[in-house]
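J.: What follows is a single structure, and I will ask about it in a moment.
Just so you know, all these numbers are worked out from the coordinates, no wet-lab data involved. Keep in mind that this is a model prediction, so the values were computed, not measured. Reconstructed Cβ throughout: ideal geometry from the backbone, glycine too, with neighbour counts over all protein chains shown.
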Amino acid sequence: GFRLMTRSTVDSMPPALLAPVEELARDFRGVKPVSDAEFAIYRRFYEYDRSDLKPVLESADDSSESWRIERVSYAAAYGGERIIAYLFLPRHVSPPYQTVVYFPHSGGEFLRSFEQSEMNYLGFVVKSGRALLFPMYKGTYERRLERPPDGPNARRDLTFARIKDLQRSVDYVLSRQDLAHDRLAYFGVSLGARLGNISLAIEKRFQTAVFWSGGFRTTIALAPEIDDVNFAPRVTTPVLMLNGREDFTFPVETSQVPMFRLLGTPTADKRHIIYDGGHVFPFARIIKDTLDWLDRYLGVPR
């Protein structure tokens, strides 16, 4: 919509109101990633001690015809906290299952609990014969913060914690005999797709990855230890990027394309598909394209 106004005086309009609006988007054309030596320093912020996971099966639900749901928890890498996660195990497929580890959109920062509504668009992963692990990353859903991070350092530390949560979640997958240890995929949506740069640069145990509606953050340059630009070139995992042509959060030319080009993945193992639509999916063929990619790098579930 738009607003109308009636001027209360005949005074001339202040020049500032008629001046062009300055665009504050970040220009990635001249941005250079840090050197390997400097990146090695930043990488240490994501290291953690490989302590006992102390896994617990909190509950199980066998009511669905498509999957078994296990609510599990395991020790986080910091502060004595525990990571809650939902594990969806496919029916009619024999273990060990291929496993997809999900990283959600920013909506998880505002919802107090996981009501499984996201399975409306994630269910196809499990129905294809793969397990889906959905961790509650620090600051999301049942681990939602009482108040948002109040500064750049707090946001940086939250990113460190979330990537450690991801690594501990991979540790958990590898601790189970019913989950395949060599057929593991990362699946990020929006926030999870943007943070996929950091996730895959740090966590190298994924065989492939799928990003829905992701791209570089275009507003301001982040602290270098969490800046996407410094991590994308260190990604070597096969990556499929699926985006909307009219995405208002991650525009094609200023966000999606710079991220795709900067990914360190070999050209033959990365693909960017642009559909008609905005930031919100589903797009045409998005499920088929995702499953085809998983089949290519993980194999077809039997």
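J.: Scan around ASP247 for amide H atoms under 5 Å from its own, H built in the peptide plane at 1.01 Å from N, and keep only partners 5 or more places away or cross-chain.
T.: Amide H neighbours of ASP247, under 5 Å, 5+ apart: VAL252.
J.: A further question follows. Taking H as built 1.01 Å from N, whose amide H comes closer than 5 Å to the amide H of GLY215, not counting residues under 5 places away?
T.: ARG194
J.: Pick out, in residue order, every one of the chymotrypsin sites (Phe, Trp or Tyr not before Pro) in the stretch 1-80 that is DSSP loop and has at most 11 other C-beta atoms within 10 Å; say none if there are none. If you can, show how the numbers build up before the last one.
T.: Details: sites: PHE2, PHE28, PHE39, TYR42, PHE45, TYR46, TYR48, TRP67, TYR74, TYR78; in loops: PHE2, PHE28, TYR48, TYR78.
Passing both the DSSP loop test and the Cβ count: PHE2.
J.: For percent of Cα pairs over 36 Å apart, one of [x] 14; [y] 20; [z] 35 was computed from the structure I shared and the rest are decoys. Which label?
T.: Derived directly from the coordinates: [y].
J.: With everything on Cα atoms, drop me the angle between helix 286-298 and the longest principal axis of the chain, reported from 0 to 90° to the nearest 10.
T.: Long axis of 286-298 versus the principal axis of the chain: about 50 degrees.
J.: Would you kindly state the longest site-free stretch of the chain, with sites defined as GluC sites (Glu not before Pro) in a DSSP loop (not H, G, I, E, B) surrounded by at most 14 other Cβ atoms within 10 Å?
T.: Working: sites that count: GLU22, GLU23, GLU47, GLU65, GLU81, GLU115, GLU146, GLU246.
That would be 147-245.
J.: Just to check I understand the Karplus step: with θ = phi - 60° and J = 6.51 cos²θ - 1.76 cosθ + 1.60, what whole-Hz values come out for the stretch 164-169, glycine and proline as x?
T.: 5, 4, 4, 5, 5, 5
J.: For ARG205, what residues show an amide H to amide H distance below 5 Å, using hydrogens built from the backbone and excluding near sequence neighbours?
T.: So ARG205 has HN proximity to no qualifying residue.
J.: If you don't mind, there's one more thing I want to ask. Could you work out the relative contact order of the chain, using alpha carbon pairs under 8 angstrom and six or more residues apart, expressed as a whole percent? Each step should come with its number before you reach the end.
T.: Working: 548 pairs, mean separation 50.0, N = 302.
Once divided by the residue count of the chain, the mean separation gives 17 percent.
J.: Could you derive backbone 3J(HN,Hα) for the stretch 257-262 from the dihedral phi with the Karplus parameters 6.51, -1.76 and 1.60 (θ = phi - 60°), listing whole Hz in sequence and x where the residue is Gly or Pro?
T.: For the stretch 257-262, the Karplus curve yields 4, x, 5, 4, 5, 7 Hz.
J.: Compute the FRET efficiency between HIS92 and TYR121 as 1/(1 + (r/R0)^6), taking r as their Cβ-Cβ distance and R0 = 25 Å, and round to the nearest 0.05. Please report the intermediate quantities before stating the final value.
T.: Numbers: r = 21 Å, r/R0 = 0.85.
Efficiency at R0 = 25 Å is approximately 0.70.
J.: Next question, about the same structure. Calculated from DSSP H runs of 4 or more alone, at -39500 (n - 2.57) each and per residue, what is the 222 nm mean residue ellipticity of the chain, nearest 500?
T.: Working: 9 runs with 79 residues, N = 302.
Calculated mean residue ellipticity at 222 nm is -7500 deg cm²/dmol.
J.: Please work out the Cα center distance from the stretch 220-246 to the stretch 261-299, rounded to the nearest Å.
T.: If we compute the Cα centre of each part, the gap is 15 Å.
J.: Show me, for the stretch 273-285, the HN-Hα J-couplings you get by feeding each phi into the Karplus relation (A = 6.51, B = -1.76, C = 1.60, θ = phi - 60°), rounded to Hz, glycine and proline as x.
T.: 10, 10, 9, 5, x, x, 7, 8, 9, x, 9, 4, 6
J.: Based on alpha-carbon centroids, what's the gap between the stretch 45-74 and the stretch 116-144 in Å, whole number please?
T.: With the stretch 45-74 and the stretch 116-144 each reduced to a Cα centre, they are spaced 12 Å.
J.: Kindly identify the stretch 160-228 as rounded, prolate or oblate by the Cα gyration tensor criterion: order the square roots of the eigenvalues as a ≥ b ≥ c, call it rounded if a/c is under 1.5, otherwise compare a/b with b/c, prolate if a/b is larger, else oblate. Walk me through the numbers on the way to the answer.
T.: Working: a/c = 2.94, a/b = 1.89, b/c = 1.56.
The shape class here is prolate.
J.: Could you tell me which of the pairs LYS127/LYS270; LYS127/LYS288; LYS164/LYS204; LYS32/LYS270; LYS54/LYS164; LYS54/LYS138 are separated by over 23 angstrom between their Cα atoms in the structure shown?
T.: Working: LYS127/LYS270 25 Å; LYS127/LYS288 13 Å; LYS164/LYS204 13 Å; LYS32/LYS270 21 Å; LYS54/LYS164 16 Å; LYS54/LYS138 18 Å.
As for pairs spanning more than 23 Å Cα to Cα, those are LYS127/LYS270.
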